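Visitor: Quick one: this structure, given as structure tokens, is what I'll be asking you about.
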Amino acid sequence: MPQKKSHPDSSLIHVALVEDDMGFQSALTAAIGTASDMRLVSLASTRSQGLLMLEQAPAHVLLVDLGLPDGSGIDVVRAAHVQWPECNIMVSTTFGDETHVMQSIEAGAAGYLLKDSSPQAMVLEIRSLHAGGSPVSPMIARQLLMRFRPPVNSVIEFAVGRDTDKECAVLSEREREVLEFITKGFTSKEIAALMSVSHHTVLTYVRRVYAKLKVNSRAEAIFEARVQGL
């Protein structure tokens, strides 16, 4: 397969947009046009057009609506994750349910915003995404946190009767985050996507967690984490 040519003016943030809401599309296009550090290089309003867009030179940032007239925008996210591996993908949608959120993240999205932000705020989020951030609407962030929070009762059950003299492991914030994903059954590749880091980085965190908990398997790590109230 021939390599896709790169866009000129590489100093600018090249943005691609898949959006069928003409009012939102127009407002966001205008906002991007007024930003001196970015340029809209591709525009589509359907799933099929979005997939064809991926045959062009990769953009730095891709914004995708999910409710497209001819199918789901998740198909575009999934294809872009493969065809534009260096592109930062962000969902912009009215769908705030857990199913759409998790499917988008699993497909390769690094950000998820509801359409309750102004176009100017979206421009700021595009910069954040391009700089390595993962913009997420507050309601979606809370939903994700609640999903990964262990039930209080389960922690108490495992903690009762434990050896109170046993020293608890001290984990870094990132190690604790990886451990929480492990307890929810995510694979290392899925954790890498959720944390927007490489698979190798996740494996490094996993090894550190195992060493600090003094365990050798996922099942032992989950049990020990609950025993220690982590």
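Visitor: Can you tell me the length gained on complete extension of the stretch ALA141 to SER36, counting 0.36 nm per residue apart and subtracting the Cα distance? Spell out each step's value before the answer.
Guide: Working: separation 105, 0.36 × 105 = 37.80 nm, distance 2.97 nm.
Contour length minus the Cα-Cα distance gives 34.8 nm.
Visitor: Sorted from largest to smallest, which semi-axis lengths in Å does the alpha carbon gyration tensor of region 190-230 give for its equivalent ellipsoid, taking the root of 5 times each eigenvalue?
Guide: One finds semi-axes of 21, 11, 8 Å for region 190-230.
Visitor: What FRET efficiency would be calculated for the residue pair LYS184, LEU12, taking the C-beta separation as r and a Förster radius of 41 Å, to the nearest 0.05? Could the numbers behind the result be given before it?
Guide: Working: r = 39 Å, r/R0 = 0.95.
The value I calculate is 0.55.
Visitor: Using protein chains only and a probe of 1.4 angstrom, how many square angstrom of PHE181 are accessible, to the nearest 10?
Guide: 10 Å²
Visitor: Report Rg(Cα)/(2.2 N^0.38 Å) for region 14-63, keeping two decimals.
Guide: 1.08
Visitor: Using only the heavy atoms of the protein chains and a 1.4 Å probe, how would ILE89, ILE105 rank by accessible area, largest first?
Guide: Correct descending sequence by accessible area is ILE105, ILE89.
Visitor: Looking at the square roots a ≥ b ≥ c of the eigenvalues of the Cα gyration tensor of region 19-145, which shape do they give, rounded for a/c under 1.5, prolate if a/b is larger than b/c, or oblate?
Guide: The shape class here is rounded.
The values are calculated or read from the model by the stated rules, or taken from the named source; none is laboratory data. What you are looking at is a predicted structure, and each value in this text was computed from that prediction instead of being measured. Here Cβ is always computed from backbone atoms with ideal geometry, including for glycine, and neighbour counts include all displayed protein chains. Keep in mind that these areas ignore ligands, DNA and RNA; they rest on the heavy atoms of the full protein, side chains included. Shrake-Rupley method; radii C 1.70, N 1.55, O 1.52, S 1.80 Å.
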